[in-house]
Amino acid sequence: MDEPFNNLLSNNPVFSDLLSSIRDQQVHASVTGLMDTQRVHFSACLLKRLNLKGLYVTHNEFEAKKAYEDFNFFFGDRALLFPYREVMLYDIEAGSRETAYARLDVLSRIIAGEYDVCVMSADSFIRKLLPSETFAGNIMNISTGDEVDTEELLTKLVRMGYKRTDTVYKKGEFASRGGIIDIYPVNSEYALRIEFFDVEIDSLRLFDPESQRSIETVDRYKIIPAEEILMDPEDLPDIIERIQNALATVKSERINKEKLKETVE
């Protein structure tokens, strides 16, 4: 349905010159005079003609959601929205948790190249993230027939941010009993049951965690991290040292302030 607009732009000599310049990497282009929806249409046409993936940054979250809906018209589910999330150092509400899980899903799809355009606000754009290789290194791909050390698998799940429970009910949880490991991936509607025959994965099955009803059997599955902040055990000594140094600095500053206060009084 976007062909008439694409054809109109394609016949525009200015647009053709812009395409040629970008292909030849001759310019960093600045295009002005377009309204909100026109900017999305223009960008979508540009990406399609150049066969490139795009990052579209808006000035706030509301505009990002609007642009995402427009890009969805052109690219379907290959248009992604990377939502903004406040950093919280305490338990977060369910709505914020879903936002966190949506961000993780988008990050995993970007790393896998499963997108055409990613939309985000300027606040999301400037927020620092883990190095892509660190995030990618914490994505787990498993298949039936794989030989797996279950203890190593459980340890890696903890490292990926999953929490161990007796029974999985919520996203981000996992449980282990006998030759079965249940995981509720943060980007899935259903939980995953891994059944082992000795050290070999015998079956992978999606199930409803509330009813325990089986949904479908799969041959392979990708489990993404449950947290954006992931720590490698090798980095822990350095992290602990930095925290201790920061605490020592704060303590020293407090002592100096108290001494100054006593002197003034």
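The values are calculated or read from the model by the stated rules, or taken from the named source; none is laboratory data. Bear in mind that the values here come from a model prediction, so they are computed numbers and not experimental data. Please note: Cβ atoms are built from the backbone with ideal geometry, for glycine as well, and neighbour counts cover all protein chains shown.
Within the range 123-142, the residues that satisfy the criterion of being β-branched (Val, Ile, Thr) and surrounded by 13 or more Cβ atoms within 10 Å (Cβ to Cβ) are THR134, ILE139, ILE142.
When the test is whether a residue is assigned to a loop (DSSP other than H, G, I, E, B) and under 23 Å from ARG109 (Cβ atoms), LEU130 passes it.
Pairing residues of the range 118-142 that are without any contact (Cβ under 8 Å) to a residue 60 or more places away in the chain with residues that are not in a strand (DSSP E or B) and not charged (D, E, K, R), at Cβ distances under 7 Å and at least 6 apart in sequence or on separate chains, gives SER132/ILE111; ALA136/ILE111. Residues satisfying the criterion are present in the range 130-151 (criterion: of a type in the set (D, E, K, R), on the phi < 0 side of the Ramachandran plot and touching an Asp or Glu at 6+ places or on another chain (Cβ under 9 Å)). Count of the range 168-198 residues, restricted to those that are touching a residue at least 40 places away in the same chain (Cβ under 8 Å) and more than 22 Å from GLY145 (Cβ to Cβ), is 6. Looking only at residues in the range 184-202 that are among the β-branched types (Val, Ile, Thr) and not in a strand (DSSP E or B), the one that is farthest from GLY161 (Cα to Cα) is VAL199.
Okay, residues lined up against (1) closer than 30 Å to GLU86 by Cβ; (2) assigned by TED's automatic domain parsing to the domain that holds THR99; (3) surrounded by fewer than 14 Cβ atoms within 10 Å (Cβ to Cβ):
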{"site": "THR144", "(1), (2), (3)": "no, no, no"}
{"site": "THR165", "(1), (2), (3)": "yes, no, no"}
{"site": "VAL186", "(1), (2), (3)": "yes, no, no"}
{"site": "LEU206", "(1), (2), (3)": "no, no, no"}
{"site": "GLN212", "(1), (2), (3)": "no, no, yes"}
{"site": "GLU216", "(1), (2), (3)": "no, no, yes"}
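Check the range 62-77 and report whether any residue there is of a type in the set (D, E, K, R), in the same structural domain as LEU9 (by TED's automatic domain parsing) and in a loop (DSSP other than H, G, I, E, B). No, the range 62-77 has no match at all.
As a summary of the residue check, ALA226 satisfies the conditions (1) assigned to a helix (DSSP H, G or I); (2) aliphatic (A, V, I, L, M); (3) in contact (Cβ under 8 Å) with a residue 40 or more places away in the chain except for the one numbered (1). Taken as a whole, the structure leaves GLU151 outside the set of residues that are within 15 Å of the chain's Cα centre (by Cα) and in a helix (DSSP H, G or I). Checking each residue in the range 15-63 for being more than 16 Å from LEU80 (Cα to Cα) and either touching an Asp or Glu at 6+ places or on another chain (Cβ under 7 Å) or charged (D, E, K, R) (or both) picks out ASP17, ARG23, ASP24, ASP36, THR37, ARG39, ARG49.
Just one of the listed residues (GLU241, GLU234) is on the phi < 0 side of the Ramachandran plot, among the charged types (D, E, K, R) and surrounded by 10 or more Cβ atoms within 10 Å (Cβ to Cβ), namely GLU241.
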